[in-house]
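Single-structure report; data block below.
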Amino acid sequence: MPDAAQPEFDGIIQISIDPEKITEADFALPEHQCMYRFWLNNRTGGGLPPTTAVDPLAFPEAVGHIHVVQPNADYSDFKYRVFATAVSEIGGLDMTGRWFSESPVESWRFYRRQLTAAAKLQAPVYSENDADYQTSVLIKWCRLLLPMVDAEGTVDRILVAIVPVDRRQEA
């Protein structure tokens, strides 16, 4: 997992997930429950689900909250194939078709490290962090990263269910 000792923002937590121990009921947000259920139901032989299983009709509750990212060969950068509309509306930014390294948002480096960890661990990752103050002083981003593989078993996409939560509701 990325080092959180020098976070680019506040309020960060992050964990890798063992799919043999975590169920969809362990997630509080319906979008994460839906996406984790989709991911679990499409696993093959205990491994990662194939990218060919991705069908937005299979997770309608989460569609506006999904980034689909594609790694480069060494997982050092990721291209947004689909940028979540819920994030775009809040942040005023649409990165569809662009690389993480092209992002004007400084925290892209941290997110890239999380995606690299999910790809290399071949395991889901869950994280939360407060939005940077230029975006919002009220939002906490809750993110579930779900790696998917090509026919050769290489992680070629990661579905990111990213949900904004009002931090005031936690107090």
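The values are calculated or read from the model by the stated rules, or taken from the named source; none is laboratory data. Please read these numbers as outputs of a predicted model, since none were measured by experiment. All Cβ positions, even for glycine, are placed from backbone atoms using ideal geometry, and neighbour counts span all protein chains on display. In case anyone asks, the SASA skips ligands and DNA or RNA and just uses the protein heavy atoms, side chains included. Shrake-Rupley method; radii C 1.70, N 1.55, O 1.52, S 1.80 Å.
Only one of (1) at pLDDT below 95; (2) open to solvent by 30 Å² or more (accessible area, probe 1.4 Å); (3) of a type outside the set (A, V, I, L, M) fails for LYS79. Which number is that?
Condition not satisfied by LYS79: (1).
Within the range 109-147, how many residues are modelled with pLDDT under 75 and open to solvent by 10 Å² or more (accessible area, probe 1.4 Å)?
Qualifying residue count, the range 109-147: 9.
Which of the numbered conditions does GLY64 fail, given that it passes all the others? Conditions: (1) in contact with a Phe, Trp or Tyr (Cβ under 9 Å, 6 or more places away or on another chain); (2) of a type in the set (Gly, Ala, Ser); (3) part of a helix (DSSP H, G or I); (4) under 28 Å from ASP26 (Cα atoms).
Among (1) in contact with a Phe, Trp or Tyr (Cβ under 9 Å, 6 or more places away or on another chain); (2) of a type in the set (Gly, Ala, Ser); (3) part of a helix (DSSP H, G or I); (4) under 28 Å from ASP26 (Cα atoms), GLY64 violates only (1).
Considering each residue of the range 92-108, count those that are within 25 Å of ILE15 (Cα to Cα) and either in contact (Cβ under 8 Å) with a residue 40 or more places away in the chain or open to solvent by less than 40 Å² (accessible area, probe 1.4 Å) (or both), and give that number.
5
Scan the range 22-59 for residues that are outside any helix (DSSP H, G or I), at pLDDT 95 or above and open to solvent by 70 Å² or more (accessible area, probe 1.4 Å) and jot them down.
Hits for the range 22-59: nothing passes.
Within the group ASP94, ASP166, which residue is more than 30 Å from PRO50 (Cα to Cα) and modelled with pLDDT under 95?
ASP166
Any residue in the range 57-74 that is without any contact (Cβ under 8 Å) to a residue 24 or more places away in the chain sitting within a Cβ distance under 7 Å of a residue that is open to solvent by 50 Å² or more (accessible area, probe 1.4 Å)? List the pairs, counting only those 6 or more apart or interchain.
VAL63/PRO56; GLY64/THR85
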